[in-house]
Structures are given as C-alpha cells and as structure tokens.
Ligand code: 6YU
C-alpha cells in the first residue's frame with residue numbers, strides 16, 4: 001500500500017453496501033474513511049422492528065441462497081447469527097432456483113378452500129413459463145418485450161394443449177390462480193406489474209443454492225456485527241448529502257466536495273455513493289454537480305425501482321392449517337391473467353397476493369406477513385393502520401367464510417413514503433440490458449486517463465450485475481468499490497516504486 005492510506009474517502013449512505021465498503025477500506029489500512037447517513041440509524045433497507053413481543057423484518061427478510069458462495073451467509077455464520085438447521089449441508093445444497101416453495105392454504109373469493117392437488121398442475125405450468133422467461137437473456141432476442149406479455153401469450157397456448165380434458169369451471173379457477181401467482185411475482189421482483197419487467201433482462205438475475213433462511217434475532221444483527229469492525233465514530237448520522245461536487249476545478253487538493261443539507265462541506269479524494277436507485281431517480285439532478293453523464297443518467301431512468309410492502313397481522317389463534325407456510329387469495333373473476341387492479345382506490349387490496357406464516361410458531365406466535373407490490377401498495381401507504389386493518393379483516397372473513405376472524409395487532413411497512421428510498425428494490429424494467437447495470441457501477445470521471453480518476457464511485461444493490469435487489473448484491477457492491485480504490489492505490493504505489501527504481 002502507498003502512503004495514500006491517508007486519502008479522504010466519504011461514503012454516502014450507511015446501508016449494508018456503505019458499511020461493507022467502509023469495513024473493507026478500514027481493514028486495508030485506510031485511515032480517513034467517513035460515512036454520511038441521512039437518517040439516525042444504520043442498515044437502510046435492513047430494518048428489524050417489533051410487533052408486540054415479536055421480532056419482525058420491515059425490510060429484507062431472507063438470505064437468498066444461503067450457501068458457500070453467498071457472503072451474507074458466510075458472515076452470518078461467522079457471527080453466529082443463524083439457527084443450526086440453516087447451517088446444515090443439506091440446506092446449503094438445496095437448489096430450488098429462487099424463492100422457497102411454500103406449503104399453501106388457498107382460499108377463493110367465494111369462500112372456497114382449494115386443495116393442493118387442485119393447484120399442482122397450475123404451479124407446474126406457471127413455473128415452466130416463468131423459467132422460459134429467464135432464458136432469453138442468453139439466447140438473445142426478445143419475442144415479447146415484457147415478462148407479462150410473454151405469460152399472456154404462452155399460458156393460453158399451454159392451457160389449450162395441456163388441459164384439454166379439464167372442464168371450463170376448473171380451467172377458469174386455475175387461470176385465476178395464475179393471476180395470484182403473477183401478483184406474487186410482482187412482490188418478488190419489486191415491480192408494479194410483470195408488464196414492466198423486461199423479458200430479455202429477466203435472466204440477468206442469478207440465484208444461489210441454499211434454502212432461503214432468516215435471522216432469528218433479526219437481520220439488523222448482521223449490520224451491528226459488521227459495524228463492530230469499524231472504529232467508533234465512522235458514521236455521522238442525520239447528515240443528508242445534498243450535492244456531490246466533483247471535478248472541482250477550484251480545489252488544488254481533493255477533487256470532490258460533499259455538501260450536506262445543513263450546508264456543511266467535506267472535502268474528499270473519493271466519494272462512494274450508495275443511495276438507493278429510487279432516491280437517485282428523484283434527486284440525480286441536484287445530487288451531482290456537474291450532472292451525471294447522459295449514458296449513466298439514462299440507465300438510472302431505464303432501470304426499474306418498485307414498491308413491495310409487508311403487512312404484519314397478529315392473531316390470538318391460527319385460522320390456517322398447522323403445516324401451512326403461505327396463504328393465497330384467489331379472486332374468482334380474474335381468469336384473464338391480471339396483476340393490476342382497475343381502480344386502485346376502491347380495490348387496492350386485490351393486489352395483496354396473500355400472506356406468509358412466520359415460523360416457528362413457538363418463536364413468533366400467530367403472526368402473518370402480507371405482501372403487496374406496486375401502485376396499490378403505494379396507495380395503501382396513504383391509509384391509516386386502522387383502515388388497513390378494517391379492509392384486511394373484511395378480506396380474510398370473505399375468503400375464509402369465517403365472520404369472526406379479527407387481528408390483534410398490525411404493522412405495515414411504508415417504503416414508498418421513505419424519502420431516502422422511494423420504494424423497495426430494483427428490477428430490470430422493459431428495455432434494460434446488462435449494459436445498464438454496467439453503467440450504474442461506472443465511476444466518475446469515466447475517462448481512465450483523467451489526472452484525478454475515481455472521484456465518485458457507485459455501490460448499492462442496483463449496481464450489482466446479477467444479484468441486484470438483494471442484501472448479498474449490495475454487500476458485494478460495497479466490497480467491489482472498496483477493492484477498486486485499494487487496487488488504485490496499490491497500482492499507483494507500484495508505478496511510483498518502479499519509477500523510483502529506474503531513477
Ligand atoms: C434480500 C430479502 N426482501 C423486502 C423489502 C425491502 C427490501 N430486500 P440501503 O437503502 O440499505 O442503504 C442506503 C442508505 O443511504 C440508507 O441508509 C439511506 O438512508 C441512505 N441515504 C439515502 N439518501 C441519502 C443522502 N442523500 N445522504 C445520505 N444518506 C442517504 N434482500 O437479500 N432478502 O428477503 C429482501 C426485501 C420490503 C425494502 C428487501 C431483500 C432488498 C435489500 O434490503 C436491499 O437490496 C439492501 O438492503 C440494499 O442495501 P443498500 O446498501 O444498497 O441500500 C429479474 C429478476 C429479479 C428477481 N429479484 C428477486 C430478488 C428478490 C429480492 N428479494 C426481496 C425480498 C425481500 C422480501
């Protein structure tokens with residue numbers, strides 16, 4: 001390492017990517033690393049809350065693909081944050097290619113309960129079409145522009161071929177189940193509709209083996225464990241960054257000035273920006289001076305950033321089966337493959353795909369987590385918890401046919417109203433390609449021969465080429481940008497040493 005361990009490095013945002021970048025830099029010997037965080041806490045979209053006595057995750061829930069290739073899993077194991085069953089080799093070897101398969105209880109809008117056998121052929125057909133969607137990325141070419149349009153084109157064909165002998169009433173209910181599955185996929189992808197998800201780009205996302213697991217003591221345990229590796233005082237809280245002035249011609253020293261809302265200014269050699277894509281979309285024009293180069297700006301605009309919210313409900317006793325892991329609500333008038341509601345104000349709740357059951361019961365009691373994505377979810381945020389409770393109670397009573405079910409407690413996440421996030425996570429929207437993610441992570445100035453390169457670097461989940469939208473993607477992006485700076489100084493030191501040797 002060169003003498004430049006004294007370089008001034010400012011990290012904007014104390015989410016997992018910012019913390020990971022700081023941890024790597026500090027470990028490499030950099031002595032002037034500082035994180036500026038807009039809020040009064042670290043963790044960003046990793047946010048553990050409480051519902052009564054229960055620990056609940058307001059943000060990230062699972063380690064997606066907990067296995068040896070997942071750095072979040074490795075750290076969580078190292079810090080002793082996981083249950084023994086999550087650590088087993090069997091658990092790590094399970095490769096289900098995405099979200100965990102749930103044992104469901106499925107109710108319909110006329111108060112019927114569908115059997116698992118009713119739904120197996122539907123799940124198979126839907127999984128088949130969804131897995132085809134991820135193949136266009138490598139095959140090249142997009143026969144349809146979006147995942148939604150592909151589903152609407154392929155499902156009726158497959159239904160005609162595979163369900164020839166199925167009566168029309170059963171067929172209709174099965175198609176309604178597919179609409180429910182489409183709403184579930186909106187939650188997984190953090191998208192308003194599958195019509196906004198690019199077909200070619202859908203395959204950019206890569207899964208890791210391992211059955212998704214949770215943190216028994218809360219995801220924030222990972223944040224505090226990582227933070228404990230940082231010197232005290234690295235993070236300055238309640239410091240929203242207003243503008244990153246780069247290519248500072250006035251300054252003869254550090255090329256970047258970071259200006260906070262309070263007017264406070266900090267000089268830096270390098271700034272790592274980790275703000276969420278939702279925030280960048282809203283504030284890019286004021287956050288950078290000079291503005292972002294056009295190709296980078298276009299990628300900020302093209303990539304999608306949507307809302308996925310959770311609604312936790314606690315009950316005195318369960319109204320679902322003891323082995324049930326997820327409850328799905330199927331509207332019997334939705335056999336036309338829909339994932340959006342016609343009138344958001346009146347029927348937003350139709351977008352809720354259902355609930356996952358918090359397990360194990362001995363730990364959580366009888367708590368359900370409802371999932372709702374898109375504009376309907378954003379509208380839900382404008383309602384009081386009393387209004388949401390009322391609507392959900394009516395919904396559950398109608399679908400189960402049980403007129404007395406009543407939740408005891410409620411807690412809703414409100415990610416769209418969060419001024420530092422403006423939504424939940426990113427997705428490759430229509431027209432996106434791998435180039436957009438490359439553009440997102442490209443440092444400024446982008447001219448490699450510039451006398452002061454790497455002034456502004458970019459990390460955060462939406463900058464990872466294949467693990468975008470996840471905690472491990474965010475963490476890896478923070479390490480990537482730290483490594484970029486470490487390599488820069490290592491290379492500079494080597495060049496200087498070689499030049500000296502020649503003299
Ligand atoms: C995962 C999961 N999970 C559910 C929900 C949400 C997310 N994710 P941060 O935002 O954390 O940090 C930025 C900081 O910057 C923050 O503190 C701000 O306050 C601060 N800031 C902003 N502006 C500033 C300014 N001007 N000045 C200073 N500071 C400023 N991920 O692995 N497992 O189960 C879920 C889920 C409801 C909201 C999730 C999950 C996403 C992660 O939470 C998220 O990626 C990281 O925490 C982000 O960290 P960061 O550091 O980048 O930003 C095709 C296809 C796609 C398929 N996709 C499937 C993937 C499935 C994704 N799973 C999601 C599901 C759930 C349930």
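With the condition kept exactly as written, say whether any residue in region 160-182 is in contact with a helix residue (DSSP H, G or I) (Cβ under 8 Å, 6 or more places away or on another chain) and within 16 Å of the ligand (Cβ to nearest atom).
Yes - at least one qualifying residue is present in region 160-182.
Between residues in region 380-396 that are in contact (Cβ under 8 Å) with a residue 40 or more places away in the chain and residues that are surrounded by 12 or more Cβ atoms within 10 Å (Cβ to Cβ) and part of a helix (DSSP H, G or I), which pairs lie under 6 Å by C-beta distance while being six or more apart or on different chains?
These pairs meet every condition: 380/348; 391/349; 395/349.
Is it true that some residue in region 17-40 is surrounded by 15 or more Cβ atoms within 10 Å (Cβ to Cβ), touching a residue at least 40 places away in the same chain (Cβ under 8 Å), within 30 Å of residue 327 (Cα to Cα) and more than 14 Å from the ligand (Cβ to nearest atom)?
no
Does residue 210 fit the bill of being surrounded by 20 or more Cβ atoms within 10 Å (Cβ to Cβ), more than 9 Å from the ligand (Cβ to nearest atom) and in a loop (DSSP other than H, G, I, E, B)?
Working: surrounded by 20 or more Cβ atoms within 10 Å (Cβ to Cβ): yes; more than 9 Å from the ligand (Cβ to nearest atom): yes; in a loop (DSSP other than H, G, I, E, B): yes.
Against the criterion (surrounded by 20 or more Cβ atoms within 10 Å (Cβ to Cβ), more than 9 Å from the ligand (Cβ to nearest atom) and in a loop (DSSP other than H, G, I, E, B)), residue 210 qualifies.
Suppose we filter region 259-275 for residues that are near the ligand (Cβ under 9 Å from one of its atoms) and either assigned to a strand (DSSP E or B) or within 22 Å of residue 482 (Cα to Cα) (or both); how many remain?
At the first step, the residues of region 259-275 found to be near the ligand (Cβ under 9 Å from one of its atoms) are 260-261, 273-275.
Now narrow it down to the ones that are either assigned to a strand (DSSP E or B) or within 22 Å of residue 482 (Cα to Cα) (or both): 260, 273-275.
Qualifying residue count, region 259-275: 4.
I want to confirm something. Restricting to region 440-453 and keeping residues that are surrounded by fewer than 22 Cβ atoms within 10 Å (Cβ to Cβ) and at pLDDT 95 or above, which single residue is farthest from residue 248 (Cα to Cα)? First the steps, then the outcome.
Taking region 440-453 and keeping what is surrounded by fewer than 22 Cβ atoms within 10 Å (Cβ to Cβ), we get 441-443, 445-453.
When the remaining residues are screened for being at pLDDT 95 or above, the result is 441-443.
Numbers: 441: 21, 442: 19, 443: 16 Å.
Ranking the candidates gives 441 first.
Determine which single condition residue 114 fails, assuming it passes every other condition in (1) surrounded by 17 or more Cβ atoms within 10 Å (Cβ to Cβ); (2) within 16 Å of the ligand (Cβ to nearest atom).
The single condition residue 114 does not satisfy is (2).
Inspect all residues belonging to region 290-304 and state whether any of them is in a strand (DSSP E or B), more than 10 Å from the ligand (Cβ to nearest atom), surrounded by 15 or more Cβ atoms within 10 Å (Cβ to Cβ) and in contact (Cβ under 8 Å) with a residue 40 or more places away in the chain. Spell out the reasoning first.
Looking only at region 290-304, we keep the residues that are in a strand (DSSP E or B), and these are 304.
Within this subset, residues satisfying the condition of being more than 10 Å from the ligand (Cβ to nearest atom) are none.
No, because not a single residue in region 290-304 is in a strand (DSSP E or B), more than 10 Å from the ligand (Cβ to nearest atom), surrounded by 15 or more Cβ atoms within 10 Å (Cβ to Cβ) and in contact (Cβ under 8 Å) with a residue 40 or more places away in the chain.
Among the residues that make up region 460-477, is at least one of them over 29 Å from the mean Cα position of the chain (by Cα) and surrounded by 15 or more Cβ atoms within 10 Å (Cβ to Cβ)? Give the derivation first.
At the first step, the residues of region 460-477 found to be over 29 Å from the mean Cα position of the chain (by Cα) are none.
Looking through region 460-477, none of the residues is over 29 Å from the mean Cα position of the chain (by Cα) and surrounded by 15 or more Cβ atoms within 10 Å (Cβ to Cβ).
Tell me whether region 59-78 contains one or more residues that are more than 21 Å from residue 480 (Cβ to Cβ), away from the ligand (no atom under 14 Å from the Cβ) and under 24 Å from the mean Cα position of the chain (by Cα).
The answer is yes; a qualifying residue exists.
Okay, residues lined up against (1) at pLDDT 95 or above; (2) in a loop (DSSP other than H, G, I, E, B):
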residue: 1; (1), (2): no, yes
residue: 11; (1), (2): yes, no
residue: 30; (1), (2): yes, yes
residue: 33; (1), (2): yes, no
residue: 41; (1), (2): yes, yes
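Which of the residues that make up region 62-86 are assigned to a helix (DSSP H, G or I) and under 18 Å from residue 471 (Cβ atoms)?
Start the filter on region 62-86 by keeping residues that are assigned to a helix (DSSP H, G or I), which leaves 71-78, 84-86.
Residues satisfying the conditions are 71, 72, 73, 74, 75, 76, 77, 78, 86.
So, in region 44-58, of the ones that are more than 14 Å from the ligand (Cβ to nearest atom) and under 18 Å from residue 221 (Cβ atoms), which residue ends up surrounded by the fewest Cβ atoms within 10 Å (Cβ to Cβ)?
Within region 44-58, the first condition is being more than 14 Å from the ligand (Cβ to nearest atom), and the residues that meet it are 50-55.
Those still in the list that are under 18 Å from residue 221 (Cβ atoms) too: 50-51, 53-55.
Working: 50: 11, 51: 20, 53: 8, 54: 17, 55: 19.
Among those residues, the one meeting the criterion is 53.
Go through the residues of region 307-330 one by one and say whether even a single one is crowded, with 23+ Cβ neighbours inside 10 Å and assigned to a helix (DSSP H, G or I).
No, region 307-330 contains no residue that is crowded, with 23+ Cβ neighbours inside 10 Å and assigned to a helix (DSSP H, G or I).
So, in region 420-468, how many residues would count as being more than 16 Å from the ligand (Cβ to nearest atom) and part of a loop (DSSP other than H, G, I, E, B)?
The number of residues fulfilling the criteria is 13.
Do you know which residues across region 269-289 are surrounded by 24 or more Cβ atoms within 10 Å (Cβ to Cβ) and more than 19 Å from residue 190 (Cβ to Cβ)?
Within region 269-289, 270, 271, 272, 273 meet the criteria.
Is region 93-103 home to any residue that is under 16 Å from residue 220 (Cα atoms), within 13 Å of the ligand (Cβ to nearest atom) and under 18 Å from the mean Cα position of the chain (by Cα)? So that I can check it myself, show each step before the final result.
Going residue by residue through region 93-103, those that are under 16 Å from residue 220 (Cα atoms) are none.
No, region 93-103 has no match at all.
Select from region 343-386 the residues that are assigned to a helix (DSSP H, G or I) and more than 29 Å from residue 213 (Cα to Cα) and list them in ascending order. Show your work before the answer.
As a first pass, look at region 343-386 and keep what is assigned to a helix (DSSP H, G or I): 344-351, 361-364, 374-380, 385-386.
Once the filter is applied, which keeps residues that are assigned to a helix (DSSP H, G or I) and more than 29 Å from residue 213 (Cα to Cα), region 343-386 yields 344, 345, 346, 347, 348, 379, 386.
From 358, 352, 386, which residue is over 27 Å from the mean Cα position of the chain (by Cα) and either more than 13 Å from the ligand (Cβ to nearest atom) or over 14 Å from residue 309 (Cβ atoms) (or both)? Walk me through it before giving the result.
Numbers: 358 fails: over 27 Å from the mean Cα position of the chain (by Cα); 352 fails: over 27 Å from the mean Cα position of the chain (by Cα).
Unique residue meeting the criteria: 386.
Out of 401, 423, which single residue is modelled with pLDDT of 95 or more and in contact with a helix residue (DSSP H, G or I) (Cβ under 9 Å, 6 or more places away or on another chain)? Lay out the reasoning, then the answer.
On the way: 401 fails: in contact with a helix residue (DSSP H, G or I) (Cβ under 9 Å, 6 or more places away or on another chain).
Going through 401, 423 in turn, the sole match is 423.
The values are calculated or read from the model by the stated rules, or taken from the named source; none is laboratory data. No experiment lies behind these values; they were computed from the predicted model shown. Here Cβ is always computed from backbone atoms with ideal geometry, including for glycine, and neighbour counts include all displayed protein chains.
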